[in-house]
1. Could you list, in sequence order, the residues of region 396-413 that are over 22 Å from the mean Cα position of the chain (by Cα) and either at pLDDT 70 or above or closer than 30 Å to H81 by Cα (or both)?
2. Which residues, counting only those in region 236-247, are open to solvent by 40 Å² or more (accessible area, probe 1.4 Å) and either of a type in the set (A, V, I, L, M) or in contact with a helix residue (DSSP H, G or I) (Cβ under 8 Å, 6 or more places away or on another chain) (or both)?
3. Only one residue in L117, L149, L184 is assigned to a helix (DSSP H, G or I) and among the aliphatic types (A, V, I, L, M). Which one?
4. E252 versus (1) open to solvent by less than 40 Å² (accessible area, probe 1.4 Å); (2) charged (D, E, K, R); (3) at pLDDT below 95: which is the lone unmet condition?
5. Could you list all residues from region 426-455 that are touching a Gly at 6+ places or on another chain (Cβ under 9 Å), open to solvent by less than 10 Å² (accessible area, probe 1.4 Å), outside any loop (DSSP other than H, G, I, E, B) and under 30 Å from A331 (Cβ atoms)?
6. Just to be sure before I move on: is R359 out of contact with any helix residue (DSSP H, G or I) (no Cβ under 9 Å at 6 or more places or on another chain), surrounded by 14 or more Cβ atoms within 10 Å (Cβ to Cβ) and at pLDDT below 90 in the structure I sent?
7. Look at region 182-222 and say how many of its residues are among the aromatic types (F, W, Y) and under 23 Å from the mean Cα position of the chain (by Cα).
8. Within region 167-181, how many residues turn out to be assigned to a helix (DSSP H, G or I) and under 19 Å from the mean Cα position of the chain (by Cα)?
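The values are calculated or read from the model by the stated rules, or taken from the named source; none is laboratory data. Predicted model, so just to flag it, every value in this text is computed and none were measured. Counting neighbours? That spans all protein chains shown, and the Cβs are built from the backbone with ideal geometry, glycine included. Remember, those area values only see protein heavy atoms, side chains included, never the ligands or the DNA or RNA. Shrake-Rupley method; radii C 1.70, N 1.55, O 1.52, S 1.80 Å.
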Amino acid sequence: MGLQTLTCIVPVLMAVVLLPSTSCYNYFTSTDAMEDLYDLELFLVRYLENYIKEEQNILSLLSGRYEQAARSLSNIVNREHYVANPINSFSLLRRLTQDWPKTLSLLSHNKLKDLTLPTEEDMAGAVRALTRLQDVYSLSATSLASGHLPGTHKTAVLCAADCVAVAQLYYNRHDFQLATDWLLEALGKVHHDRTCPPGLILENLFITTCFEGDQDLSTYYLQELLEKYPLYIPPDHLVKDYNLALTGKCKEISDWKKLDKIKSVPELEQVEIDEYHRMCRGPLPALRELQCHLVHYNHSYLRLQPFKLEELYLEPPVVMFHDVVSDDEIAHFRKTAFSSMKRAKIVLPNGTVSAALYRTSHIAWLEDSDPVSLAVNRRIAAMTDLDVSRAETNQINLTHGDLDGNRLATFMIYMSDVGWGGHTVFPDLQISVRPKKGAALFWYNLHHDGTIDYRMRHAACPVIVGTKWVLNKWLHEAGQELRYRPHPVFVT
């Protein structure tokens, strides 16, 4: 395309310089036409100037996000230790689901469009895991937002956007006190890290403080919000609650909102949830008259190398076998199971199977034809003196309560130590068992007449630091009539 044709088209497209409607002509023959070209170049210079400013703004934004992301990953010596900290893993997931998609959308030549990032479901799971730690171990929003966890060094600090994400979950659960606590943490951070708009925090504080029953504080945050954003209009998802808070009847609203608070574990009564939390926090009083044994059941091949057994509870019996599996066997199980891990589910009272939002573990089933599984199964049979052919295949559980009517006994092998948390608790027996790599917990789920022993209800406390790997072996009652030892006699 020649210069003459080009200069005839550009002014028409930009609708800025109006040229005669006649066909193109030589500009240099007309002073008026040359003035039009001057105006055109002036426009192009200003257009380019604005374009450069916009690109500089984007570049500045990208630089800020780069510095923030790089800072969050700086001084990390061990990747495994980093992601084992729930504060780090939560913040990492939030950045990958919220911050990075926005950042990548600003790139004019994004070559990572096919990159697979975590989903919003992953993000929601990470938030629930963090709030579960707070609920169970009675941790404050301030300590968590500052990176302080029991048994750890301070390695992470949550940003304002992280705190808002946690607050939103508590808001949805109608726990407005904890939602307010997290929003206040966000408010104290936002002017420093600028990871979310201050208005997002203020609009939620206006509502949560009202729903707590604090009219004065709610009015204060509304005034702060409207002072910063005089033309503020609430987003669609907040319109109903915003208008309710505007009525000025915070005390009355608070009274009936408390009735709508959603329990952290819907299937349990609140008194049961409170007892579970208390046991996880510990410590529990030590039980007396418990002993350790070397067990061989008078089997000749076990006499030279009997099993190490520790009594944890006498009636009903709960015991721990030590040195059950080797590190090599554990490594094999973990490697084999990892690629087939799926979200754990529960059986609801109506018989349907569903994933529970409060349950964060993943499971995989190992075929009994696996040679390592066969070896461990023979070992379990020798330890329990039960027939493992009447058992389910081995289940690997990552980071668990169960009770199935035909599961006579449970043999749970711990395949990792846990830095902090992760205990197995039996509320009715008031015992709490800390995971020990290579050891196995064993108990009966049924009475001798085959009825369920509800005293054996158990649950796993959330892991604060580390990862919990477990191998479960459930032994069924059929065919075990002559082997079942409701009160085992340990021959030492």
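1. Once the filter is applied, which keeps residues that are over 22 Å from the mean Cα position of the chain (by Cα) and either at pLDDT 70 or above or closer than 30 Å to H81 by Cα (or both), region 396-413 yields R407, L408, A409, T410, F411, M412, I413.
2. Step one: list which residues in region 236-247 are open to solvent by 40 Å² or more (accessible area, probe 1.4 Å), which gives 236-237, 239-240, 243-244, 246-247.
V239, L244, L246, T247 - these are the residues of region 236-247 that are open to solvent by 40 Å² or more (accessible area, probe 1.4 Å) and either of a type in the set (A, V, I, L, M) or in contact with a helix residue (DSSP H, G or I) (Cβ under 8 Å, 6 or more places away or on another chain) (or both).
3. L184
4. Answer for E252: the failing condition is (1).
5. Of everything in region 426-455, nothing turns out to be touching a Gly at 6+ places or on another chain (Cβ under 9 Å), open to solvent by less than 10 Å² (accessible area, probe 1.4 Å), outside any loop (DSSP other than H, G, I, E, B) and under 30 Å from A331 (Cβ atoms).
6. The answer is yes for R359.
7. 1
8. Taking region 167-181 as the starting set, the residues that turn out to be assigned to a helix (DSSP H, G or I) are 167-172, 176-181.
This time we only want the ones that are under 19 Å from the mean Cα position of the chain (by Cα), so: 167-172, 178-179.
The qualifying residues number 8.
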